[in-house]
1. I need to check one value: relative contact order of region A:186-288, counting alpha carbon pairs closer than 8 Å and at least 6 residues apart, in percent.
2. Tally Lys and Arg at +1 and Asp and Glu at -1 over the other residues with C-beta under 13 Å from the C-beta of B:Arg174: what net charge comes out?
3. Using a probe of 1.4 angstrom, how much of the accessible area of region B:179-225 is carbon and sulfur, in percent?
4. For region A:13-56, just the Cα atoms, rotate onto the principal axes and tell me the three extents in Å, largest first.
5. Projected onto the charge dipole of region B:127-208 (+1 at Lys/Arg Cβ, -1 at Asp/Glu Cβ, origin at the Cα centre), which of B:Val166, B:His179, B:Ser205 gives the Cα projection farthest towards the positive end?
6. If you take the charge dipole of the protein assembly as shown about its Cα centre, with +1 on Lys and Arg Cβ and -1 on Asp and Glu Cβ, which of A:Tyr190, A:Ile316, B:Met279 is farthest toward its positive end?
7. Before rounding to the nearest 500, sum -39500 (n - 2.57) across all DSSP H runs of length at least 4 in chain B and divide by the residue total; then give [θ] at 222 nm in deg cm²/dmol.
8. Of the accessible area of region A:13-56, with the probe set at 1.4 angstrom, what percent is carbon plus sulfur?
2 protein chains.
Amino acid sequence: MPRTSSGTRPVTLRDIAKAAGVSINTVSRALNGKPDVSEATRALVQAVASRLDYRPNQLARGLRQQRTATIGVVIADVANPFFAEVVEGIERTAYQEGYSIILANTEEDQDREARAVRTLVERQVDGILMAPAQRSDETVRYLMQRHVPFVLLARFFEGLDVPAVVNDDREGARLAVRHLVQRGHRDILYLNGPPYNSSARLRLSGYRDALEEAGIAFRPEMVLTTDARSTGGYAAIQQALAGGLEFGAVFCFSDYVSFGAIKALRQAGLSIPRDVAVMGYDDIDLAAIVEPALSTVHVAKTRLGQVAVRMLMGMIEGSSSRSERVGMVVLTPQVVIRESA
Amino acid sequence: MPRTSSGTRPVTLRDIAKAAGVSINTVSRALNGKPDVSEATRALVQAVASRLDYRPNQLARGLRQQRTATIGVVIADVANPFFAEVVEGIERTAYQEGYSIILANTEEDQDREARAVRTLVERQVDGILMAPAQRSDETVRYLMQRHVPFVLLARFFEGLDVPAVVNDDREGARLAVRHLVQRGHRDILYLNGPPYNSSARLRLSGYRDALEEAGIAFRPEMVLTTDARSTGGYAAIQQALAGGLEFGAVFCFSDYVSFGAIKALRQAGLSIPRDVAVMGYDDIDLAAIVEPALSTVHVAKTRLGQVAVRMLMGMIEGSSSRSERVGMVVLTPQVVIRESA
DNA sequence: TTGTACGCGTTATCAA
DNA sequence: TTGATAACGCGTACAA
């Protein structure tokens, strides 16, 4: 009966060495596939190791190698479907490359973000993926100063030239609004996200771009700010309706906001898209499933995560050949026409 | 100008010791709030530490203390809103307690689950939270044998007596179907999840319980199996309609499935809830936002995560006083009546 | 109150 | 090809 470690203390290299009658260090090299070890001893060591069900202690290994095969992921909130899908892409890619991910939610809180990053650094992650909360220059500078490889997700800073993977928000918004214009709409409401969000600022620009292209005057009162959360769209539409605003179409900061908007519109007796057309942004899974299926701007979320991981890995591997100029990757959005617009 | 670590190697205890003119160990105790150190030295050490912007290396600390303040979270998929919210609860609670979480997706794959758990063990997590894929006894046994504290999430095994936090799936389904019965429905379709899922089996029981209570005969053809993913509900309803099945209400395994079902029903010209009533399960954020607002069974997802973490912490702390019988916590579901039923 | 010495489990350097 | 030995950074006996 194979005697596995059925009780007490975890099996270490020392245990294997003793059982196999060789030195600790020989065990290490045999197990790590190093060249300088005879096939006979390697086989022996491997046999003993698997008999004892040996598992390397990654803490010790990391301490020694200055490398943990771990990356930190700092986002606002996993419960947000957008981030959830990004994280899914990150996890899958990281896993394929042999990395684990430590996840931290910031809830858009500057302080939590700063603390999360420091915790991750203490835990010796090899790199960090972060969707910065606001203008968190301080945190970014901290990372740069510490020479911790990092890539920004989905959002970025106009000023700083740092590695980032983003969606072309301005273009996405432009395309969405252009689609509405092509359907004959001229009174287009925009339910924007909070202004601290770089995407919100850019999408507003795209909205204006499209209007200008079509020779439609921009009217500030047609832009409402929502909190990008669940009920934001609902409240904004109610407000617009109550204020007597005239509009035939609504472009929303996110699919989430769209859902709320649609609900409010329908409750007001309006039909989608006959009375009011609605376009979302993100193209989360549910956009295609609800009724009416949501017309929206597709953002390659898992791809975004995947690209960010690969970029980060590049920086991690090449961190010896210091300070390679790693730029910003911009993913191209795509309009998806379904039923709502 | 405060000279921070502006370049090279991270600051260690040794650096502080040298700069402060004391021994490494004094620095360690001063920083960790140990009693045997004069206030003067403590102040000095702290000053130097903060001047150098010292960050403890948690790898070294973990190696030494046999405790990493890290827990592993193994689930099918973060992109699934149910799990996303559970993870949110986990992360928040863990963070409050000073723990970090390592996240691993299994995509319902037995092998990935087994590997994920082993990786986590190698990384010396203090405990594991896992939503087991199928009957993954093997993995559970592995954890028990290694004496790794763990708590099962949302699903469990009928046979094994292991710590778990679950929703009372049978009761939830019973309540949901009872509500439909009370609305006068007798032909109630059930779109169930895959049978390897313990929740699916239990909810089916609850469905039958409610029928029995109402004196309605159970008809196997009224139970359809979906993949619980996006399009599952849509396809199932189309199939039911094509098959000429008569029903006035549909109870769904998840809100996700409900959305697909509603879409298919509406496309067939049916109105919700006038022609067909629909009930979901989970009560994800979007259930309240879509139109019609979804009647569903509320599961306290963040709470589930929170309770699981606290339970796990209890096991971790008390792991010295071995083998406490930590049982199963069952969360009570609640029916939420909105518009769809 | 403080310092010395050791060990956590691993990998890397250098002789043998 | 193999084996001592020394780190990695920290906490903790024990001694001073």
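The values are calculated or read from the model by the stated rules, or taken from the named source; none is laboratory data. Just so it is clear, the model here is predicted, and its values are computed rather than measured. Note that each Cβ is placed from the backbone with ideal geometry, even for glycine, and that neighbours are counted across all protein chains shown. In case anyone asks, the SASA skips ligands and DNA or RNA and just uses the protein heavy atoms, side chains included. Shrake-Rupley method; radii C 1.70, N 1.55, O 1.52, S 1.80 Å.
1. 30 percent
2. -2
3. Exposed carbon and sulfur together represent 48 percent of the surface.
4. 23, 16, 16
5. Projecting each Cα onto the dipole axis, the largest value belongs to B:His179.
6. Value: A:Ile316.
7. Helices in chain B give a 222 nm mean residue ellipticity of -13500 deg cm²/dmol.
8. The C+S portion of the solvent-accessible surface of region A:13-56 is 52 percent.
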